[in-house]
Amino acid sequence: MCLGIPGQVVEIMDEAAHIAKVDVGGVRRNVNIGLLAGTSDAVDLGDWVLIHVGFALSKIDEEEAASTIKFLEGLGEAYEDELEQLKGSDIA
Amino acid sequence: MRYVDEFRDANLARTLSTQIAAVAEPGRHYKVMEVCGGHTHTIYKHGIEDHLPETIELVHGPGCPVCVIPMGRVDDGISIARRPGVIFTCFGDMMRVPGGDGSLLDAKAQGADVRFVYSPLDALKVARLNPEREVVFYAIGFETTAPSTALTLMRAKAEGLTNFSVMCNHVTIVPPLKALLESPDLRLDAFIGPGHVSTVIGCRPYEFIPADYGQPVVVAGFEPLDLLQAVYMIMLQLAEGRSEIENQYGRVVPWEGNLRALEVLQEVFELRPYFEWRGLGFISQSALKLSDAYRDFDAELRFDVPGVRVADPKACQCGEVLKGVIKPWECKVFGTACTPETPIGTCMVSSEGACAAYYNFGRFARSTARAGS
Ligand code: SF4
């Protein structure tokens, strides 16, 4: 549960509720971007964010995202479990 | 040197490894604590100690949120889960944590409606879909996770949901570090600061470590190269007689943290006077509970939990492991009675726990590597 996984923002779903759709390795799920709203890290389409338990925790650049994904893939089971759980998520 | 190609930049890894050895004072033994369970995982998985001189010992700290949950809090959760009409939700990692009377998974097998969720917002959704049921979210985690619970509660309040509540087990990272620094059991030289926790709280909360204890803190990322770099930064500080906070993970961690996250924590939570940590005992002001403004959502008030205290099993040495006093394999039941399938202690449950990490990847670690070579 402690992993931060990178996802790319593909759609702002609900501006008022701070819900955005992100793409994590082909899996598209909604996450909450309220922790970045109103900060210098405010999220836009195409941005990469680090996701933890369904919330974007910080904005990262593309290179960092790519490197983190590579690292996480190397973790094997821990990352696969996290992705499985993300797939089961249905935040609105 | 093995596995060097697993680093983001293999040449840099080699150089760092040489430089670390060069600044290590001959004859001096260094103890560096990595606070975060994510770091522990990387250290075992990638055999980081193989790239360090033998005189540098990495000591695993208490930063795995599943590992620090005491048995009594598991039992309290189960007592809520067993009530008729309750849907009890928690993170998957929490399901197998043993309490005094089994785990949440056991309670589920016996008929309780226990469901694992990826996010507290998923728990909120369960509450929306089941207005006739009481939906409880068992919240765990350090400052990394607590803001997510806070925003979820703010949403629940805004929606006027009356069938949702939270059993709060959120803990804070600084008090156990203070407790460790005060403990006579352990003489440390420096800390590798946690990455994601610091994304929220920033670097300032660690200022007391260099100021009051004269020890360096380097906040680090999770890749093998991050950890090598952090160790190098620590060794340089020690060699030059400095003790400061440095941020190796500046690409993700802002010095001031996430101000919005700190704001929502302030609004939704307040400090508990004290909280019991698995193996570490009671630590004052080390955990969060819901603030008065959110008391209607506090599962402990709504359900009147027994508040049980259960002593850790005799065979369990998680406390020593969490304090870094012993290594996982020094626990008498490690790998025999206690395995990830049948954990006795919490450190074997989560993949961030030191015992589970060593159990899964220990063959790469220094001691066995040497024994085998
Ligand atoms: S081996 Fe099991 S009982 Fe022993 S310290 Fe590790 S988790 Fe605890």
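A simple spin-label model places pseudo-atoms 7 Å from Cα toward Cβ; at B:LEU259 and A:ASP14 they are separated by 2.8 nm. Ignoring lysines fewer than eight residues from A:LYS70 along the same chain, the ones with Cα atoms less than 16 angstrom from its Cα are B:LYS45. Inter-chain Cβ neighbour count for A:68-75, averaged per residue, equals 4 (cutoff 10 Å, partner chain atoms only).
Report the relative contact order of region A:5-87, percent, no decimals, based on alpha-carbon pairs under 8 angstrom and at least 6 residues apart.
Values: 142 pairs, mean separation 21.9, N = 83.
In percent, rounded to a whole number, it is 26.
From its DSSP helices (H runs of at least four residues, each -39,500 (n - 2.57)), the protein assembly as shown gives a residue-normalised ellipticity at 222 nm of -10000 deg cm²/dmol. Considering chain B as a Gaussian network with a 10 Å cut-off on Cα pairs, which listed residue, B:GLY99, B:GLY195, B:GLY281, attains the greatest mean-square fluctuation? Result: B:GLY281 has the largest fluctuation of those listed.
One quarter of the surface of the convex hull around the alpha-carbon atoms of region A:5-87 equals 4.9 nm², the direction-averaged projected area. Place a point 7 Å from Cα of B:LEU129 in the direction of its Cβ. Which residues in region A:1-41 have their backbone N less than 17 Å from it? Under cut-off, by backbone N: A:29-31. Here the calculated FRET efficiency for B:ARG204 and B:ARG82, from their Cβ-Cβ distance with R0 = 60 Å, stands at 0.90, rounded to the nearest 0.05.
The ratio of the alpha-carbon radius of gyration of region B:93-182 to the globular-protein estimate 2.2 N^0.38 Å is 1.25.
Over the Cα atoms of chain B, compute the convex hull volume and normalise it per residue, giving Å³.
On the way: hull volume 51.4 nm³, N = 373.
That works out to 138 Å³ per residue.
For the options B:LEU227, B:LEU288, B:LEU161, a Gaussian network treatment of chain B with springs between C-alpha atoms closer than 10 Å singles out B:LEU161 as fluctuating the most. Scaling against 2.2 N^0.38 Å puts the C-alpha radius of gyration of the protein assembly as shown at 0.94.
Rounded to the nearest 10 degrees, what's the angle between the helix B:259-268 long axis and the longest principal axis of chain B, both from Cα atoms, 0 to 90? The angle comes out near 40 degrees. Could you tally the net charge around B:VAL86, taking each other residue with its Cβ under 14 Å from the Cβ of B:VAL86, Lys/Arg +1 and Asp/Glu -1? Taking every other residue near B:VAL86 into account, the sum is 0.
What order, most packed first, do the peptides B:265-272, B:187-194 have when packing is the mean number of other Cβ atoms within 10 Å of each residue?
Numbers: B:265-272: 17.6, B:187-194: 23.9.
So the order, starting with the most tightly packed, is B:187-194, B:265-272.
Values quoted throughout were computed directly from the atomic coordinates according to the rules given, and no laboratory measurement underlies them. As the structure is a prediction and not an experimental result, all values here were calculated from the model. Note that each Cβ is placed from the backbone with ideal geometry, even for glycine, and that neighbours are counted across all protein chains shown.
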